[in-house]
Structures are given as C-alpha cells and as structure tokens.
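What follows is a short report on a single structure.
The values are calculated or read from the model by the stated rules, or taken from the named source; none is laboratory data. Note that the structure is predicted; figures quoted are calculated from it, not measured. Methodologically, a virtual Cβ is constructed for each residue, glycine included, from the backbone with ideal geometry; neighbour enumeration extends over all protein chains shown.
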Amino acid sequence: MTSLNVTVVDKAKDTEVAFDAKSDQPVLLSIRSVVGSPIPVGCKGGGCGVCKVRVLEGNFSAKRMSKAHISEQDLEENVVLACRIIPETDLKVEILAETPEEDKS
Amino acid sequence: MKKGVMRPGHVQIRVLDLDEAVKHYADLMGLIEMDRDDQGRVYLKGWTEVDKFSVVLREADEAGMDFMAFKVADEATLDSLAQDLRDYGLELTELPAGDLKDCGRRIQFTAPTGHHFELFATKEQTGKWGVSNRNPEAWPRDAKGMKATRFDHCLLYGDDIDGVLDIFTNVLGFQLVEQVVEPDGNKIAIFMACSMKEHDIAFIRQPMKDKFHHASFFLESWEDVLKAGDLLSMTDTPIDIGPTRHGLTHGTTIYFFDPSGNRCEVFSGGDYTYPDHPVITWDAEQLGKAIFYHDRELNERFLTVVT
Ligand code: FES
Ligand SMILES: [Fe+2]
C-alpha cells in the first residue's frame, strides 16, 4: 500500500482540495476528514451515483459501478464513481455530482 | 378491509458483487443462506421465518430492487386477487412455479411508481431455522452477526404514491396506518400494513420511478440495534444513520449500506395496528422528526441516496 495524492476540482465552488489516498482502496473511502468530504458521499458502494466524478489526470482501476449511473460512454470519458475507483497514480478528479433527475435508469 | 394478503414474502435485490453481498447479508446481518439456483441467485432468510426464503440476491450491473412479493392466504385467494388487479386495469405477468426455487406461481404487476410487486400463495416451508416446531428452544445458538430475525418491510421512492395507495388499500386490502401530508392535503409519505404491524410497505413521494430506499429486518431489542451498530463499526461498513428512533412507527433503528450501495435497516419495537385504528398523520413541516425522532432533521442522504 502506498499513499497517493488526489486533487478534487469543484468547478461550482471554484476550489481545489487535495487529500491522501491509499493505493489499495477506493478513493472515497480514503477520506476520513471530520470536516466533511470534498466529494459528495452517498452509499459508498457504487449504487447511488452521488459521488460521480470525471478523472482528469492519472490512472486507476475500477470495481463494478451501477450502470444506472455510469454508462459505457461515461466510462470512455473517464466518468466514474469515486467510491469504486482505486488509484494507481496520483489523481486529479472533477466533481460531477448527479441530481436524482439525471438518473439514467 | 383485509383481502387475504398475509405478509411480505420476499424481496429480490440486485447486487454488483454476489460474494461481497452474501458476506454482508449472511455473515454480518445473520440471514441464513438457504439455497442457490442455476441462475446464480442466492436465497436467504431470517431464522424465525417459516418459509424457505425471504431475500433473493441477484448479481447484476446495477443495484436496486427487482421486486417485492406478498404471500396471500391460499391459491384461491391468489386467483381472486389477480382478477381484482386485472379488473382494476393492471397488466399482470404470471410466473410459473419453480421460477423462484421452491416457490409456487407468482402474479406480478407494476405499480404506478414503477415498482414491481408480486403475489404468491405457496412456498416450501422449511420451518424456523435452528429451532424445532416441537418444544422449541428460545433461539438458535449458531446464528451469526446481527441475528436478523425476519424480513419485515421495504421503503420505496416514487412519484405516483396516490396511485399506489389506491391499489394497495382498495384492491389488496392494506390499511393506511401513517401518512405525512402537506398543508394542502397532498401526501408525501404513506405507511401501509396488511397485518398488525405499523407497516409492511412504505412509500415516499419523489420525482423518480422504481427507486429502492431500504429493505428492513426485525431485531428483538434496542440493545440488538445498538450491537448491530457495533458490528457495522467493527467491519467498517458504511452507516447511514443511527442507532436512533423513528417518529413514524416509533421503532428504534439503524440504517446502513450493503457493498453495492443498497440501504438496509435493522430495527426493533414500533407501534401496532388494529383495523379500527385511525390513520396517524404527520405534518410535512415535521418530516425531520417523523423520520429521525431525535435529530429532528433529515440527513442529506435520506432524500437523495437510493438505488
Ligand atoms: S457513494 Fe453511492 S455510488 Fe458512490
Ligand atoms: Fe424502515
């Protein structure tokens, strides 16, 4: 296990926040901050779509993500769920949090 | 008026990884794995349940609920309820006996909220797990984890809950037990029972179709709910909220997530219902207290995180 750096870009708030992420678990689960997570947190299981991000830089592997929220095309565009991607390098991600209306199912 | 619907029979839940899900529902929650079928589905139940299974896990590429079923008194009741549903204007699908292992034929319909429900009358009865029908001991000594005793109810999110209320009360004989209403009388939550419980099925109005908020399992005591919370921490399982108390139903509860993001609840206690009980009403402005009696406000996830 190594420690990697994840930078979260929030265009709505015009902020960039970085945190340390472990290389052996999904990005969202590395966030243990008591002051709140820079990425919206939902079910932590790839089911609800709340933690949707676009990976702008870096490599990752992914556990299965609900296709109700991540389509084939999303995957090609590096749009993923932060609770299901495991970083292989430092990452830069942009928040794309879904509103319930955008649900693809 | 009762129409012969007895109780929740089963729920089929979609999971993204079957092995992780079985660990969650069996090892952590203490459901008993009863069988598997050639489609790879896993059948489980709480130890107090007499029918063979009440939870079916199906691996799929999205999370959520496939369907929830109610058990009716007998095959003749199943036929008459099917006719009533047809007369109401619903299209029915009949699934043959054996489509779910050791379950009789099932009548399926789609509710106005997009959820799939089914009725059945026959399922193999294997009896309570680990205790006999003759001179039974109090509980099985080898139940695991939270030792969930039974599948109790589901809470679902959808748009046309008035349509659902009409079908469940007027066609299927459920009783509206509790509701949350806006000042103009618009219902935003309905809790309905086919039994003496406070709810066997509940809906919250949200502008979406066919969404699954949680499946709930009964525990014997508040201390069991507390210890369920301990087990969630010990296993680093995401907790949504609790242990706390609901205003609606007054049950003590904890919400958490399975490894595919489906919400689960274990709870104890709660009010009871007789057919002559008036409907309990919560005002929409008190929704926070109605859902989480102590916090008196909804957590952000309550309305937004569903599968
Ligand atoms: S938190 Fe629900 S999909 Fe990531
Ligand atoms: Fe519940």
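From the list B:T253, B:T249, B:T237, B:T273, the one residue that fits, being outside any strand (DSSP E or B), within 12 Å of ligand 2 (Cβ to nearest atom) and not aliphatic (A, V, I, L, M), is B:T249. Kindly evaluate B:E182 against the criterion of being away from ligand 1 (no atom under 16 Å from the Cβ), crowded, with 16+ Cβ neighbours inside 10 Å and among the acidic types (D, E). No: the conditions fail for B:E182.
Please list, ordered by residue number, the strands (runs of 3 or more DSSP E) wholly in segment A:11-84 having 3 or more residues that are touching an Asp or Glu at 6+ places or on another chain (Cβ under 6 Å). If you could, list the steps in order and put the result at the bottom.
Working: elements: A:15-22, A:52-57, A:60-62, A:79-81.
Here the list reads A:52-57.
When B:I204 is tested against (1) more than 14 Å from chain A (Cβ to nearest Cβ); (2) within 16 Å of B:I280 (Cα to Cα), just one condition goes unmet, and that condition is (1). For the condition closer than 16 Å to B:L16 by Cβ and exposed (fewer than 15 other Cβ atoms within 10 Å of the Cβ), what is the one hit in A:S61, A:S23, A:S3? Exactly one residue qualifies, and that residue is A:S61.
Within segment B:291-307, residues that are more than 8 Å from chain A (Cβ to nearest Cβ) have Cβ atoms under 8 Å from residues that are among the polar types (S, T, N, Q) in these pairs: B:F292/B:T244; B:F292/B:N299; B:Y293/B:T244; B:H294/B:T244; B:D295/B:T244; B:L303/B:Q206, counting only partners at least 6 apart in sequence or on another chain.
Every test in (1) under 23 Å from B:K289 (Cβ atoms); (2) within 16 Å of ligand 1 (Cβ to nearest atom); (3) surrounded by fewer than 19 Cβ atoms within 10 Å (Cβ to Cβ) is passed by B:Y157 save one, and that test is (3). Taking the criterion of being more than 11 Å from chain A (Cβ to nearest Cβ) and either surrounded by 24 or more Cβ atoms within 10 Å (Cβ to Cβ) or modelled with pLDDT under 95 (or both), the residues of segment B:255-270 that qualify are B:E265, B:V266, B:F267, B:G270.
Looking at A:V27, A:V93, which is the one that is out of contact with any Ser or Thr (no Cβ under 9 Å at 6 or more places or on another chain) and either touching a residue at least 40 places away in the same chain (Cβ under 8 Å) or within 22 Å of A:L4 (Cα to Cα) (or both)? Write out each step before concluding.
Working: A:V93 fails: out of contact with any Ser or Thr (no Cβ under 9 Å at 6 or more places or on another chain).
None of the other options fit; the residue is A:V27.
From the list B:F174, B:F191, the lone residue that is within 12 Å of ligand 2 (Cβ to nearest atom), aromatic (F, W, Y), surrounded by 20 or more Cβ atoms within 10 Å (Cβ to Cβ) and farther than 27 Å from A:S66 by Cβ is B:F191. Scanning segment B:236-251 for residues that are away from chain A (no Cβ under 13 Å) and either of a type in the set (G, A, S) or farther than 17 Å from B:N299 by Cβ (or both) gives B:G242, B:G247, B:T249, B:H250, B:G251.
B:L232 - would you say it is within 14 Å of chain A (Cβ to nearest Cβ), farther than 20 Å from B:E178 by Cα and not in a loop (DSSP other than H, G, I, E, B)? Yes; evaluated as a whole, the condition is true for this residue. Taken over segment A:46-90, the criterion of being within 9 Å of another protein chain (Cβ to nearest Cβ) and more than 20 Å from B:H213 (Cα to Cα) is satisfied by A:K63, A:R64, A:R84.
Scanning segment B:267-307 for residues that are among the acidic types (D, E) and within 26 Å of B:V15 (Cα to Cα) yields a single hit, B:E300. Residues that are within 20 Å of B:G261 (Cβ to Cβ), more than 14 Å from chain A (Cβ to nearest Cβ) and part of a helix (DSSP H, G or I) are absent from segment B:209-219.
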